[in-house]
Structure formats: C-alpha cells, structure tokens
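What follows is one structure encoded as structure tokens, with my remarks underneath.
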Amino acid sequence: MKSISINKNETFQDKRKELRGVVVNIYDSIPKESKNERGIYLQTLRKMSPSEKFNKVTELNELTKSLFKQGLRKRFPEKSEEEIHSLFLKRLEKCHNSNY
C-alpha cells in the first residue's frame with residue numbers, strides 16, 4: 001500500500017487528489033465478482049425501509065460487540081466474565097469520539 005506523507009507546501013486539495021488515487025487503485029484490485037456482490041448489497045440496502053435499516057444497524061452493532069468480547073475472552077482466558085466485561089467497557093470508552 002502506498003504511504004502518505006505530509007508536505008507543508010501541499011494544499012488540502014492536493015492531498016485529497018493523492019488519497020483519491022489510492023482509493024481508486026485499491027478498488028481496482030477488488031475482484032469483479034466482489035464488486036458485483038457489493039452492488040447487489042447496495043441495491044438491497046436502498047430497497048429497505050428506514051426501520052429495516054435501523055434494525056440492521058442495531059443487529060450489526062450487537063454482532064460487533066459480541067465479536068469484540070469474544071476476542072477479549074480469547075486474548076485473556078484467565079479473566080472472569082466480570083473482568084472481561086469491565087475490560088470491554090474500558091476499551092469501548094477509548095473508541096468513543098470525545099468531540100461530541
């Protein structure tokens with residue numbers, strides 16, 4: 001992957017063009033089948049009602065939390081479920097954007 005450096009003389013627009021090129025190159029490396037599947041996925045999302053989309057977001061959020069906890073259990077097998085939950089909450093707190 002291309003590394004991105006910051007030059008004092010570059011404008012934001014210059015950096016944006018450089019990044020856009022990186023994203024395009026990454027997208028070009030995705031197999032055609034995956035691009036087709038992504039298109040089907042996006043069509044499916046467009047057909048969903050707002051409440052269906054909200055339910056899907058909630059479902060994915062719960063899945064993400066579950067996978068995160070499973071990873072903590074695997075990494076720290078000696079910890080109790082209470083300790084895992086405490087560690088989960090501490091790490092989750094680090095993820096929250098403090099600008100809100």
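Throughout, read-outs are computed from the coordinates displayed, never taken from laboratory work. If you're wondering where the values come from, they're calculated on a predicted model, not measured in any experiment. Backbone-built Cβ (ideal geometry, glycine too); neighbour counts: all protein chains shown.
Per-structure values
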read-out	value
Set Lys35/Lys56; Lys32/Lys74; Lys35/Lys65; Lys56/Lys90; Lys74/Lys94; Lys35/Lys74 screened for pairs whose C-alpha atoms are more than 30 Å apart	Lys32/Lys74; Lys35/Lys74
Pairwise label distance in nanometres, Glu82 with Lys53, each label 7 Å out on the Cα-Cβ vector	4.3 nm
Linear extension gain, Glu93 paired with Arg73, 0.36 nm per residue minus alpha-carbon span	5.4 nm
Shape call, region 48-100: gyration tensor on alpha carbons, a/c limit 1.5	oblate
Karplus-derived HN-Hα couplings along region 64-70 (A = 6.51, B = -1.76, C = 1.60, θ = phi - 60°), whole Hz, x at Gly and Pro	4, 4, 4, 5, 4, 5, 4
Net lengthening on full extension, Asn61/Tyr41 (0.36 nm per residue, minus Cα-Cα)	5.4 nm
